[in-house]
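The values are calculated or read from the model by the stated rules, or taken from the named source; none is laboratory data. What you see is a predicted model; the values in this text were computed from it and never measured. Because the Cβ atoms are built from the backbone with ideal geometry, glycine has one as well, and the counts that use them run over all protein chains shown. Ligands, DNA and RNA are stripped out before the accessible areas are found, and what is left, the full protein with its side chains, is counted by its heavy atoms. Shrake-Rupley method; radii C 1.70, N 1.55, O 1.52, S 1.80 Å.
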Amino acid sequence: MTTYDDRASLTDLTTTADRVRRSVESVIEGKPEVVRLSLTVLLAEGHLLLEDVPGVGKTMLAKALARSIDCSVRRIQFTPDLLPSDITGVSIFDQQQRDFEFKPGAIFAQIVIGDEINRASPKTQSALLESMEERQVTMDGNSYELPSPFMVVATQNPVEMEGTYPLPEAQRDRFMARVSIGYPSAEAELKMLDVHGGASPLDDLQPVAHAHDILKLIDAVRSVHVAESIRRYAVELVGATRSHPDLRLGASPRATLHLLRAARATAALSGRDFALPDDVQSLVVQVLAHRLLPTAQAQLNGRTAEQVVLEILQRTPVPTAQGAETQFLGGRPPQPLYGQHLGPRRL
């Protein structure tokens, strides 16, 4: 059990997270919001899905995050002939002991990089379901716990469909957030030519945090206060996806939990021990959109899940400190409201 003295303070959290952020940004040029989201998912005990076209740095982002932390890292290259036992492990008969011995697979690491995850068969993809949700592997009636912290960073190419298998909804729902890196700006691409032109910056990347430091930060994130009004706000946002006419599959209760955890991590990274509606609003697209399935008519009309989430965000009233409701207009709620009258922990 973690005691109060073992917990990292918010100052420790922001300091350590800032070191990791700078380390990753030394490799990934011009994408601070993507790096911040990766740290948010890590501290919220979630898993990250990087979905974008080839060559924009998906795998490099995953590697940079892994190398910035002194912990065990395994990389899995997903291919059509990959077997579930290659991921989870296999029991081998020991001739000397006259018994079966479990040989752990690649999933037994603190940060697991799954490259091109949609190139493996659905049978192989299903080997990740138990690991990502329950953080354990069950083999021959025995359960083996995975190390902590544990995070899966998976990449996939949404454009090339030949030889790929779409992720099932059950697995997409286990990813806390999905992010697209996007093309860099002209300035960032010019800087990338200077930095990456001679050698890969990953070669010189050294750990700036230890695994036990991350565990302390995760524990500190858990203590971030989320007011009941903000919890209700998250429930209303997720619940609206289940009744929207343009969606045939809304977000699950797991999505609500992921949204709450990510909001806590975002607040902690901002140096606050309490969450604001802004924290929920800044994450709702990344956390919810990849779980939703538009109807056939919505797809014909060119409606995307991201557009539906933004529409729901516009229509859902935002809680205020006085208990009133206001419409989200794209601006930040007046922050003094949350500490001036009731205090940050009494919203």
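Output the number of residues of the range 67-115 satisfying the condition of being at positive phi and either touching a His at 6+ places or on another chain (Cβ under 8 Å) or open to solvent by 30 Å² or more (accessible area, probe 1.4 Å) (or both).
1
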Output the qualifying pairs, or none if there are none: Cβ atoms under 6 angstrom, residues six or more apart or on different chains, first residue in the range 249-274 and without any contact (Cβ under 8 Å) to a residue 60 or more places away in the chain and more than 20 Å from Thr15 (Cβ to Cβ), second residue open to solvent by less than 30 Å² (accessible area, probe 1.4 Å) and small (Gly, Ala, Ser). Thr256/Ala234; Leu259/Ala234; Leu260/Ala234; Ala263/Ala275
Could you tell me how many of the residues in the range 53-66 are surrounded by fewer than 21 Cβ atoms within 10 Å (Cβ to Cβ) and within 17 Å of the chain's Cα centre (by Cα)? 2
Of all residues making up the range 235-287, the number that are open to solvent by 60 Å² or more (accessible area, probe 1.4 Å), farther than 23 Å from Ala298 by Cα and aliphatic (A, V, I, L, M): 2
Within the range 207-227, residues without any contact (Cβ under 8 Å) to a residue 60 or more places away in the chain and either surrounded by fewer than 15 Cβ atoms within 10 Å (Cβ to Cβ) or on the phi > 0 side of the Ramachandran plot (or both) come out as His212
Looking at the range 134-166 only, could you name the residues that are modelled with pLDDT under 90 and out of contact with any Ser or Thr (no Cβ under 7 Å at 6 or more places or on another chain)? Gly141, Asn142, Asn157, Pro158, Val159, Glu160, Met161, Glu162, Gly163, Thr164, Pro166
Given the criteria open to solvent by 40 Å² or more (accessible area, probe 1.4 Å) and either of a type in the set (Val, Ile, Thr) or closer than 20 Å to Glu51 by Cα (or both), does Val179 qualify? no
Would you check which residues across the range 259-280 are farther than 17 Å from Leu42 by Cα and either among the hydroxyl-bearing types (Ser, Thr, Tyr) or not in a helix (DSSP H, G or I) (or both) and list them? Arg272, Asp273, Phe274, Ala275, Leu276
